[in-house]
Amino acid sequence: MRNVSGLVYGARVTAAADPAISVSGLRKSYKDKTAVDGVDLVVAHGEIFALLGPNGAGKTTTVEILEGFRKRDAGEVSVLGTDPQQADGHWRAKVGVVLQGTGEFDELKVDEVVRHFARFYPDPADPDEVIRQVGLAEKAGSRTHTLSGGQKRRLDVALGIINRPELLFLDEPTTGFDPVARREFWELIRGLRDGGTTILLTTHYLEEAEELADRVGVIAAGRMIAVAAPAELGGRNTAKARVTWRGGSEETDTPTAVVQRLAAEFGGEVPELAVHRPTLEDIYLRMIANGEKA
Amino acid sequence: MIGLVLRQGGIEFKQFVRTRESFVFTLLFPAMILLIFGSIFQGTIAGVPFKQYFAAGMIASGLLSSGFQNLAISIPIERDRGVLKRFRSTPMPKWVYFGGKFLQVFVIGVLATALLFVIGAFYGLKLPSTADKWFTFIWVFVLGLLACTLLGIAFSAAARTGRSGPAVVTPVALILQFISGVYFPFGSLPHWMQQIAALFPLKWMCQGMRSVFLPESFAAQEPAGSFELGKVALVLGLWCVAGLVLSLLTFRWTTKRDG
């Protein structure tokens, strides 16, 4: 499902007329530095959109403008039909936020924090259930300062989803997670998506974007340089494959034919045979390198 | 919504109590000072033991430290830690946060004052004897604490980082204590110092507390020749309004770095 562009579904085509997030010409500068330099972005309802880009490219600034934390210098922004700069409590109740930095509650216990935040919302999820979902059930009674980095991040996620948000922002949510925790987190996010939550995610893990996102956008130097499904980014789906074997390699559009030819040449097993397709990371690194040259 | 303020106050207080060192020092500091100065100064002012005079000032100072110092120092730390930013992402209105802080400060103020009463008892501190005086005590206490809370919230914008908080706040509190007649008889301070002190709430809180803990005859020692309770209420009330307006205007959920 995630490899199919959102436009394939009839429902999403109509949703595109009223997207969850719509941004055009977004600009933001700090003193002498332009952080965001004309970003356009549309995220449909029910979509998982991943923003990729190097540190300092403008991802967090963009996301925090959408979350209503920062004021923009120019551009049109609509999030769930509202300009986040004019956001009220009603709007905040529909939006979940996992910030890049964790807010530390230090001496409070995990369940105290989650329960307290649940009270801010008109229709919250069950705190115990959320604590279980993010995998903190065993730590529910622990003070938050005793949590590991990854566990603190899970608490952040718990607070981001306690209001059952229509739209969830995740700014580098899995930093500090071990591989097992990361996979559990992905399951949690897929579950939210299946429940209809729209998700805007920033990440440095290309694998994460590929696992979760319907579409990815690459930001470099404050500009959106590409938007596509992960499998199609930068012409990845039509890029040549590289076949390698002991003593040789070849770039080709028809790797199967090459393998058959090699099999015939070697009379059976081809030593150290491998067929490489460009990974999302290969494509991404090439884009960033080109983007920085441009 | 009132329920939410109570909950917010509850969680604030829980956090405060569990941060044991700040809890202990906020409560103990005024008590220790009372103990030390009460032991050093044995004299009398206009027939009133200095200890009695000093206790009234220390109770007012305790309110200043529970409200003003406590919040002006702790809020920038919470802001640095991202706790406030996280609150900002919820529908919780500012006034619920302010209300929660006031409840936290109120409970601390009550505990700090109770501790001063206990320490004072060893020195023969005379508690107010009439219902009238208790009534004055209560409104000076509540109004003073509210003004200090709101000014603490407003002043939290002055420290740009959590680390600079104490450096910015402590001198302000100390200077106010010296010029407001906590450590020295207010009547014997230079006139210009009295004038400056009269601009700030602590002087009026001390004066209100003196009217409760000192005999009527002591009123003659006040610059105005009376405890001026009407003026005490007026000035503290005005500071509450000013503190609220300043808080609403200057309060920041996020650090300057956050744009």
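Some observations on this one:
- Residue in segment B:105-119 that is more than 30 Å from A:G160 (Cα to Cα), modelled with pLDDT under 90 and assigned to a helix (DSSP H, G or I) present: yes
- Single condition A:H145 does not satisfy, out of (1) part of a helix (DSSP H, G or I); (2) over 29 Å from B:V17 (Cβ atoms); (3) more than 8 Å from every other protein chain (Cβ to nearest Cβ): (2)
- Qualifying residue in segment A:124-139 (condition: crowded, with 21+ Cβ neighbours inside 10 Å, in contact with a helix residue (DSSP H, G or I) (Cβ under 8 Å, 6 or more places away or on another chain), touching a residue at least 24 places away in the same chain (Cβ under 8 Å) and within 14 Å of another protein chain (Cβ to nearest Cβ)): yes
- Of the residues making up segment A:246-254, not a single one is closer than 30 Å to A:D32 by Cβ, at pLDDT 90 or above and polar (S, T, N, Q).
- Within segment B:4-18, being surrounded by fewer than 16 Cβ atoms within 10 Å (Cβ to Cβ) and without any contact (Cβ under 8 Å) to a residue 12 or more places away in the chain holds for one residue alone: B:R18.
- Members of segment B:152-183 found to be of a type in the set (S, T, N, Q) and open to solvent by less than 10 Å² (accessible area, probe 1.4 Å), listed by number: B:S156, B:S180
- Residue count, segment A:86-123 (criterion: hydrophobic (A, V, I, L, M, F, W, C) and more than 22 Å from A:G135 (Cβ to Cβ)): 5
- When A:R92 is tested against (1) among the basic types (K, R); (2) touching a helix residue (DSSP H, G or I) at 6+ places or on another chain (Cβ under 8 Å); (3) within 27 Å of B:P76 (Cβ to Cβ), just one condition goes unmet, and that condition is (2).
- Going through (1) within 25 Å of A:R153 (Cβ to Cβ); (2) away from chain A (no Cβ under 14 Å); (3) charged (D, E, K, R) one by one, B:K101 falls short only on (1).
- B:G43 meets the conditions (1) touching a helix residue (DSSP H, G or I) at 6+ places or on another chain (Cβ under 9 Å); (2) within 25 Å of B:R160 (Cα to Cα); (3) surrounded by fewer than 20 Cβ atoms within 10 Å (Cβ to Cβ) in every case but one. The failed one is (2).
- Residue count for segment A:38-70 satisfying the condition of being more than 23 Å from B:P91 (Cα to Cα) and either within 14 Å of chain B (Cβ to nearest Cβ) or open to solvent by 40 Å² or more (accessible area, probe 1.4 Å) (or both): 5.
- Options B:S247, B:S217; residue that is open to solvent by 50 Å² or more (accessible area, probe 1.4 Å) and either modelled with pLDDT of 90 or more or closer than 25 Å to B:Q194 by Cβ (or both): B:S217
- Residue identified as open to solvent by less than 20 Å² (accessible area, probe 1.4 Å), modelled with pLDDT under 90, within 13 Å of chain B (Cβ to nearest Cβ) and closer than 20 Å to A:E67 by Cβ among A:G96, A:G160, A:G103: A:G103
- Helices (runs of 4 or more DSSP H) contained in segment B:1-96 and holding at least 3 residues touching a Leu at 6+ places or on another chain (Cβ under 9 Å), closer than 19 Å to B:L146 by Cα and within 14 Å of chain A (Cβ to nearest Cβ): B:2-18
- Looking only at segment B:220-236, and only at residues there that are in a helix (DSSP H, G or I) and surrounded by fewer than 15 Cβ atoms within 10 Å (Cβ to Cβ), the one that is modelled with the lowest pLDDT: B:A220
- Output for segment A:106-123, where each listed residue is touching a residue at least 40 places away in the same chain (Cβ under 8 Å) and either open to solvent by less than 10 Å² (accessible area, probe 1.4 Å) or more than 8 Å from chain B (Cβ to nearest Cβ) (or both): A:V110, A:V113, A:V114, A:F117, A:A118, A:D123
- Residue check for B:K85: more than 30 Å from B:F50 (Cβ to Cβ), basic (K, R) and touching a residue at least 40 places away in the same chain (Cβ under 8 Å): yes
- Selection count where residues are farther than 15 Å from A:G53 by Cα and under 35 Å from the mean Cα position of the chain (by Cα), scope segment A:241-292: 19
- If you check B:W204, B:W192 for being surrounded by fewer than 14 Cβ atoms within 10 Å (Cβ to Cβ) and assigned to a helix (DSSP H, G or I), only one passes: B:W192.
- Each residue in segment A:83-98 was checked for being over 18 Å from A:I199 (Cβ atoms) and outside any helix (DSSP H, G or I), and 3 of them qualify.
The values are calculated or read from the model by the stated rules, or taken from the named source; none is laboratory data. Keep in mind that this is a model prediction, so the values were computed, not measured. Counting neighbours? That spans all protein chains shown, and the Cβs are built from the backbone with ideal geometry, glycine included. SASA here: full protein model, heavy atoms, side chains in, ligands and nucleic acids out. Shrake-Rupley method; radii C 1.70, N 1.55, O 1.52, S 1.80 Å.
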